[in-house]
Amino acid sequence: TINDKPVAYVYETGGKYFANNFRYRKLDPKNEADQTVLGEGTTIYYKYTPFKSPVNFSIENMDNIKSDIEWLYSGNAYVKMGDGIYSHNLALASYYLLAQQDASKLYYREKVSSVGEIGDNGGSGTVYESATEKNITVEIMGTKKAPAKGLDLSGILSGLASGSVDLSSLEYQTTYDPTNPAHCDMDLYLREEGAEGQYIVPVSDPDYGYKDNITLMAQYCRDVMVRVTGNIEEVKLQATENAYDTTLYVYTGSGYVSYDEDTPGHNLESTAYYIKKCGYVAQYAEVFTENPDDVHCTTNLDFKIIGELEREHSSKVLCLLADKTINDMNSAISEATIADFMDVTPGTIFDDEKISGATLNNLGIVLTDVLSGVTIDQLLTWANISSIQPAVREALKGVTLSKFFSSLEYANGAIQINMSKLFS
């Protein structure tokens, strides 16, 4: 589902998704099946403790630098903002520590034994001791992929003597660690392995390594009437076994009505019977198949519909005007929303509730209002831009378009981003 609505995935050049043999599934501690994966949870308490610096990238300060970098790359780094809130903004923390060599605003979570020790700004969270035996990770700086190796600072620390610090080889420690207090309130992901093409995953997620795969587009599902055949008892049974809707329908020529055994026309040999499914009627160009006689659309639901289309659904605008008189046309068009005119595709600019609910007359005003508060990450999603570093995308996730441009500065012949202003 997307936005709590069922979707089907259809073939589309330049689509936002592709079929993969594994996925990272976010676990829900309230879900019974996920509780089995996580095991029993334990409440822990923590307080915020300052980094050991002042930062001095020198061999004499090796111990302090070592601990600072370990906290940063394990995700246990927080920036104390002007309002006193400890922000889990690793991009800003990295900027202060590595670029500015200033750790005066940086803190890490330190586990304490009781609620009385958390201080004014500490807190609590839940950890799962047995979850370390599973393939569970957290997302740090845009990646959920487990690191290929453990944290190795030997090369970095040895470079301190010559004044060179290279952190490009470090991988964030995304493997779930119940001893790390930063993980106690982070989303947990289980890597699930499956058959080739079993999972539908985003092209833009670098953890899946998209490389010229066949792409898919998500389409919101709607009610689809599927014809069933057999004698009356057989079609009744098929309706009863239909989890989505157990009603048996009859097509009367003007529409679908519930089957009524006392209606003579519902029991004729020529009567066509239908059951209602949740699905999407794909156009031929949206279907990928090696056999043109086996036209079907892959969905993330529990069924596929394979067969001949008897009655194609009309476009939204025709449905809008179907029962209107000539005199009603003007008001119908002027009062209709964007969603009345088109089938909204998930993940596009029209999938925004304000935009899809706008009329043609006020669309310009609504677009201006939406774009004034849109985030960079949302723009990247709408434009289906995936060629961006995961850490950069994660850092800009909550940054609005106006905030981004107001943080740009021209200095020394180059355009630069003022990180402090960007996240202020």
Residues of segment 23-45 being loosely packed, with under 15 Cβ neighbours inside 10 Å and part of a strand (DSSP E or B), in sequence order, are R25, K26, T42, T43
Give, as residue ranges, the strands (runs of 3 or more DSSP E) completely inside segment 70-150 that count at least 1 residues that are more than 16 Å from I44 (Cβ to Cβ).
-> 78-80, 106-112, 136-138
What about K145, is it crowded, with 18+ Cβ neighbours inside 10 Å and among the charged types (D, E, K, R)?
-> yes
Has segment 291-304 got at least one residue that is at pLDDT below 90, more than 32 Å from the chain's Cα centre (by Cα), among the acidic types (D, E) and not in a loop (DSSP other than H, G, I, E, B)?
-> no
Going through segment 367-420 in order, the residues found to be modelled with pLDDT of 90 or more, surrounded by 14 or more Cβ atoms within 10 Å (Cβ to Cβ) and of a type in the set (D, E) are D369
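The rows are residues; the columns are (1) of a type in the set (A, V, I, L, M); (2) surrounded by 15 or more Cβ atoms within 10 Å (Cβ to Cβ); (3) not in a strand (DSSP E or B).
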position	(1), (2), (3)
E234	no, no, yes
Q238	no, yes, yes
V250	yes, yes, no
D262	no, no, yes
H266	no, yes, yes
E269	no, no, yes
Y274	no, yes, no
Any residue at all in segment 326-346 that is on the phi > 0 side of the Ramachandran plot, at pLDDT below 90 and of a type outside the set (D, E, K, R)?
-> no
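Would you pick out the residues in segment 128-148 that are touching a residue at least 12 places away in the same chain (Cβ under 8 Å) and over 25 Å from A91 (Cα atoms)?
Y128, E129, S130, A131, T132, K134, N135
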Near pairs, Cβ below 7 angstrom, 6+ apart or cross-chain, from segment 332-353 (polar (S, T, N, Q)) to any residue that is assigned to a helix (DSSP H, G or I) | T337/S356; T345/D351; T348/W382
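The values are calculated or read from the model by the stated rules, or taken from the named source; none is laboratory data. These numbers were taken from a predicted model, which means no experiment stands behind them. FYI the Cβ positions are ideal-geometry reconstructions off the backbone, even for glycines, and counts take in every protein chain you see.
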